[in-house]
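Heads up: the structure comes next, in structure tokens.
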Amino acid sequence: MAEPTLSECYRAVCGQHGIQINPLVLENVQKTPITRSFTLKLAGNNKQKGCQKLCDDDIFALSKCLQNNWTVTGLDLRYDNVSDVGAGHLADLLEVEDSALRSLDLTFNNIQTEGAKVLANCLQGNSSLLSLRLSGNKIGNIGAMHLASMLLVNRKLQKLELADCDLETPSVIALSVALKTNTTLRSVDLSRALLFSFQEEWAVCFSEMFRVNGSLVELHLGKMGLTDTGMERLAEGLMQNHSLRYLDLRCNRVTHDGAQHLARVLKLNTAIEIVDLSSNRIEDVGVEYLSDAISWPGCVLRELSVCRNSIRMKGLLSLAEALKINPTLTHVYIWGNRLEEPVCRAFKELISSGRLMPERTDIRPYEVDGQVFLAEVFWGLRKHNYCTDDNCQNTRSDSNTSSDAAAPEENLSSSHR
């Protein structure tokens, strides 16, 4: 007798427990292949007519169906209504011996401290899950502390996203301590933690972590309130780190002094390839420091975003000159600064000469009555994850691949006043 399909199993579990069938779940489990790995995409922001967000009962039924299923290796549950109860059902699924689940995306649900605790406890013994996304769930300081404790034991998880989770200084420090001994985690996002101390103790702890961690390749620290002092502390550790390749510092309080510290790192550290400094305030002096580092022999920086940094003509022209010297830097994003005509002409020359490909920047030149302007192309620095859900690579594929070819349809806004 043939094994029941996943859709048949789902119907049976719903009937047995008196759970109303969710059309979104049913439609997607019917598409599940029998022989190959598959991610169930059940995001609640699906604009499909009649889309019903998943609740805890749906998660219960789904987890029951997947306990003996080996083809579903990923669950995309973003923007649903999963609470701590639903997190408990998912923990039961992860505790199944030889669980097939490799990635779990719970971005922007209703999971709080207790749900984070349950997930952390089950992951202490789990040897299958590679990627856990919890961004947008208000797990708070205590919930993040449980996850930090889990990282001291877990040796399988490679990607952890905790942005917009209301983390506080103690939990951020606890996570940095865990990263001193954890050798498998490769990508971490702690953006928008609630850090109210002016001492920036967390930056000191991360600096110490950088000195000893040799596995982390991607770190997102956006909206952390990072100042020049904190940047100096981070730079001290980064100078001795040779694994980190993607550093996201967007939406902080870094000025030209902080940019100078980062420039020193780029001159000495041969690993960092992507830096996001968008929405800081490094101004002309700061970008000149960075341009000097980019021109330095051996600098391997490939992508740089300095959008919205109050940079004027002098700084942007220095960046354009650095691009002519350094062949490694291929992606540059400058929109939101003062784009005067000499800047427009300099970047038009870079694009027309082929030095800067149109799909690798966020500006597009055009002329009106012989005067050159730049229009914005909404292709900002993408979140190029070095760590994928199925495996983690030492480097992501070069941007000559289809990721550029598949860029979204461009929308233009003009610097022409």
- Task: Would you kindly state how much longer the chain becomes between R253 and L194 on full extension, computed as 0.36 nm times their sequence separation minus their alpha carbon distance, in nm to one decimal?
- Result: 19.8 nm
- Could you give the distance between the Cα centres of the range 74-90 and the range 49-72, to the whole Å? 9
- Under 20 Å from the T5 label point (7 Å along Cα→beta-carbon), backbone N, the range 18-51: 21-42
- Query: How many times 2.2 N^0.38 Å is the alpha carbon radius of gyration of the range 1-82?
  - Reply: 1.03
- Query: How much of the calculated P(r) for the range 95-181 lies past 17 Å, in percent of all Cα pairs?
  - Reply: 42
- Message: Between R155 and E340, what is 0.36 nm times their sequence separation minus the Cα-Cα distance? Round to one decimal in nm.
- Response: 61.4 nm
- Item | Taking only Cα atoms of the range 298-354, radius of gyration then Dmax in Å | 10.9, 32
- Item | Under Karplus coefficients 6.51, -1.76 and 1.60, residue-wise ³J(HN,Hα) of the range 292-304 in Hz, glycine/proline x | 5, 5, 4, 7, 5, x, x, 5, 10, 4, 10, 9, 9
- Note on the structure: To the nearest 10 degrees, the tilt of helix 6-17 (Cα long axis) against the first principal axis of the alpha carbons of the chain is 60
- Message: If a paramagnetic tag sat 7 Å from the Cα of I142 along the Cα-Cβ line, which residues of the range 163-189 would have the backbone N under 19 Å from that point?
- Response: 165-175
- Please state the Cα pair-distance histogram of the range 281-388 with 10 angstrom bins from zero: what percent is in each bin? 15, 50, 30, 5, 0
- Message: Could you check the spin-label model distance between K324 and Q30? Points 7 Å from the Cα along Cα→Cβ, value in nm.
- Response: 6.2
- Query: Quick one: Cα centre-to-centre distance for the range 335-355 and the range 221-249, in angstrom?
  - Reply: 29
- Item | Rounded to whole Hz, the Karplus (6.51, -1.76, 1.60) HN-Hα couplings of the range 278-291, x for glycine and proline | 4, 6, 10, 9, 7, 6, 4, 4, x, 6, 5, 4, 5, 5
- Note on the structure: For the range 137-206, the percent of accessible surface on carbon and sulfur atoms (probe 1.4 angstrom, ligands and nucleic acids excluded) is 61
- What list of ³J(HN,Hα) values in whole Hz, one per residue of the range 67-82 in order, does the Karplus curve 6.51 cos²θ - 1.76 cosθ + 1.60 (θ = phi - 60°) give from phi, with Gly and Pro shown as x? 5, 10, 10, 10, 9, 7, 10, x, 10, 9, 10, 4, 6, 9, 10, 7
- Debye calc, one equal point scatterer per Cα of the range 187-255, no solvent, log10 I(q)/I(0) at q = 0.23, 0.26 1/Å comes to -1.03, -1.30
- Query: Can you tell me the Rg and Dmax of the chain, counting just the alpha carbons, in angstroms?
  - Reply: 23.4, 77
- Item | DSSP beta bridge pairing in the chain, given as percent antiparallel to the nearest 5 | 25
- Heavy-atom accessible surface of the range 49-115: percent carbon and sulfur, 1.4 Å: 42
- Return the calculated 222 nm mean residue ellipticity for the chain, to the nearest 500 deg cm²/dmol, obtained by summing -39500 (n - 2.57) across DSSP H runs with n ≥ 4 and dividing by the residue count. -11000 deg cm²/dmol
- Item | Simple label model, 7 Å out from Cα along Cβ direction - E359 to D92, nm | 4.6
- Does the range 26-145 classify as rounded, prolate or oblate by the C-alpha gyration tensor (a ≥ b ≥ c root eigenvalues; a/c under 1.5 gives rounded; else a/b over b/c gives prolate, otherwise oblate)? oblate
- Please calculate how many Å² of accessible area the range 135-226 carries per residue, with a 1.4 Å probe and no DNA, RNA or ligand atoms counted. 33
- Separation between Cα centres of the range 3-41 and the range 253-270, rounded to whole Å: 51
- Query: How far, in nm, would the chain grow between T184 and S310 when pulled straight, counting 0.36 nm per residue and subtracting the alpha carbon separation?
  - Reply: 41.5 nm
- For the range 21-120: accessible area per residue (Å², 1.4 Å): 46
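The values are calculated or read from the model by the stated rules, or taken from the named source; none is laboratory data. Everything numeric in this text was worked out from a predicted model, so none of it was measured. Cβ coordinates were reconstructed from backbone atoms using ideal geometry, including for glycine residues, and neighbour counts include every protein chain displayed. Just so you know, the surface numbers come from the protein's heavy atoms only, side chains and all, with ligands and any DNA or RNA stripped out. Shrake-Rupley method; radii C 1.70, N 1.55, O 1.52, S 1.80 Å.
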